[in-house]
Amino acid sequence: MYELIALLSDGKFHSGSELGHRLELTRAGIWKRLQHVKLHHGLEILAVPGKGYKLTRPLHLLDRDQLAGIMSPWPVESVELTDSTNAVVLRRVARGDTPPFAVVAEQQSSGRGRRGRVWASPYGENIYYSLAVELTGGSHRLDGLSLTVGVAVAETLLSIGVSNVGLKWPNDVLLAGRKVAGILIELHGDPMDICTAIIGIGINVNMQVTEAVDQPWSSLRLQTGCLWDRTTIVMGLTKTLNACLAEHIQDGFGCSLRGRWEALHAWRDQPVSLISGIHIEEGIARGVDERGALLIEIDGVERAFSGGELSLRLKT
Ligand code: BTN
């Protein structure tokens, strides 16, 4: 359906005969495909007799040729619809594909977030990016990895001129205090020895409405009012991610990455609650340590907290 959606992506009216001519299909064939686009890709299409069809919201689709043609530290393949780009990359690693490589999608039908959450993944609106990288040399390579990726995402957004970007421990990227991007790292292999990290990144780019998010969220579009070119962001992200990962692998999180994370820490010196199941710790968020654990000052003493099941809230 990519070609049909690409023709409609400008948000202008296109007649059935024009679309049929461009795609070498009958008008009935076009109509059938438009029904498919509505049903399976969730896109709203307006049909007006005498004018034709248009998308109610214009889209900026990923430019597959540009992504395939760029000089990039790893191949970035663009797919149209998949269950989850993390799942695609995990399957490819399991069948023996050699990292590094990345997959991006126009849409995910089962986008996954941290702690079993669903990640809203509408067609053509956001970035759904998964990268496989091999990590050798033991489990300490994983220390702070998700925070390093958070730095890469935040610095990518800053580099394209987005302001008011911050980081919330462990790896949420915030825009004006609301979540704009999330990171999900899954592992394949032996974490104590050689393993492959599947680094999944979701960035809300042009999404303006969704009922699938249950926390305060934002997007570049909502914050800036512009329709963003996602291909350019994917290319910038690849470059920044490559530089940050190279530094992480060589020097670990504890060197300059730690300072860069802290410089973007949105909740520094704020009263917070750290929740783990029924257990709650309350204190003042400080920095992070060299392994990426969050430092919270409780009764005048700084303590380090880490673990995937922890959830951090601002104390109101
Ligand atoms: C979070 O809950 O904050 C993490 C969200 C991670 C979403 C991304 S989108 C690309 C990749 N594929 C997935 O299914 N999830 C990650």
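The values are calculated or read from the model by the stated rules, or taken from the named source; none is laboratory data. Keep in mind the model is a prediction, meaning the values are calculated, not measured. Ideal geometry is used to build each Cβ from the backbone, glycine not excepted, and the neighbour counts take in all protein chains shown.
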Take region 206-232 and flag every residue that is in contact with a helix residue (DSSP H, G or I) (Cβ under 7 Å, 6 or more places away or on another chain) and β-branched (Val, Ile, Thr).
231
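Residues in region 256-264: is at least one among the small types (Gly, Ala, Ser) and outside any helix (DSSP H, G or I)?
So far as region 256-264 goes, no, none of its residues is among the small types (Gly, Ala, Ser) and outside any helix (DSSP H, G or I).
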Condition test on residue 246, is it outside any loop (DSSP other than H, G, I, E, B), out of contact with any Phe, Trp or Tyr (no Cβ under 6 Å at 6 or more places or on another chain) and within 30 Å of residue 82 (Cα to Cα)?
yes
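Every residue in region 167-181 that is assigned to a loop (DSSP other than H, G, I, E, B) and either without any contact (Cβ under 8 Å) to a residue 60 or more places away in the chain or polar (S, T, N, Q) (or both), please. Walk me through how you get there before you give the answer.
If we filter region 167-181 for residues that are assigned to a loop (DSSP other than H, G, I, E, B), which is where we start, we get 169-171, 176-177.
Residues satisfying the conditions are 171, 176.
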Residues satisfying the stated conditions in region 274-313, i.e. among the acidic types (Asp, Glu), modelled with pLDDT of 90 or more and either closer than 22 Å to residue 179 by Cα or not in a loop (DSSP other than H, G, I, E, B) (or both)
281, 282, 297, 302
Cross-chain or 6+ apart pairs with Cβ under 8 Å, region 241-267 first and farther than 22 Å from residue 284 by Cβ, then modelled with pLDDT under 95 and part of a strand (DSSP E or B):
249/135
Take the residues of region 121-143 that are modelled with pLDDT under 95 and either over 23 Å from residue 92 (Cα atoms) or surrounded by 24 or more Cβ atoms within 10 Å (Cβ to Cβ) (or both): which is nearest to the ligand (Cβ to nearest atom)?
143
When residue 236 is evaluated against the numbered criteria (1) in contact with a Leu (Cβ under 6 Å, 6 or more places away or on another chain); (2) surrounded by fewer than 18 Cβ atoms within 10 Å (Cβ to Cβ), which criterion, by number, is the only one it fails?
(1)
If I go through region 100-119 residue by residue, how many of them are in a loop (DSSP other than H, G, I, E, B) and more than 9 Å from the ligand (Cβ to nearest atom)?
2
Hey, any hits in region 287-310 for a residue that's in contact (Cβ under 8 Å) with a residue 40 or more places away in the chain, surrounded by 14 or more Cβ atoms within 10 Å (Cβ to Cβ), out of contact with any Ser or Thr (no Cβ under 6 Å at 6 or more places or on another chain) and farther than 18 Å from residue 143 by Cα?
no
Mind listing whichever residues of region 170-212 are over 28 Å from residue 61 (Cβ atoms) and either within 12 Å of the chain's Cα centre (by Cα) or more than 12 Å from the ligand (Cβ to nearest atom) (or both)?
177, 187, 188, 189, 190, 191, 192, 193, 194, 195, 196, 197
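To keep it simple, each residue is scored yes or no on (1) away from the ligand (no atom under 16 Å from the Cβ); (2) free of Cβ contacts under 8 Å to residues at least 12 places away in the same chain.
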residue	(1), (2)
32	yes, yes
39	yes, yes
58	yes, no
61	yes, no
71	yes, yes
76	no, no
85	no, no
Just to be sure I understand the filter: pairs with C-beta atoms under 6 Å, separated by 6 or more residues or on different chains, first member in region 151-166 and free of Cβ contacts under 8 Å to residues at least 60 places away in the same chain, second member buried (at least 18 other Cβ atoms within 10 Å of the Cβ) and β-branched (Val, Ile, Thr). Which pairs pass?
158/165
Take residue 151 and decide whether it is more than 14 Å from the ligand (Cβ to nearest atom), under 23 Å from residue 306 (Cα atoms), crowded, with 20+ Cβ neighbours inside 10 Å and among the aliphatic types (A, V, I, L, M).
yes
Some residue of region 11-34 being under 25 Å from residue 108 (Cα atoms) and in contact with a His (Cβ under 8 Å, 6 or more places away or on another chain)
no
Only helices (runs of 4 or more DSSP H) wholly contained in region 1-85 count here; list those with 2 or more residues that are over 26 Å from residue 113 (Cβ atoms), over 31 Å from the mean Cα position of the chain (by Cα) and of a type outside the set (A, V, I, L, M).
16-23, 27-41
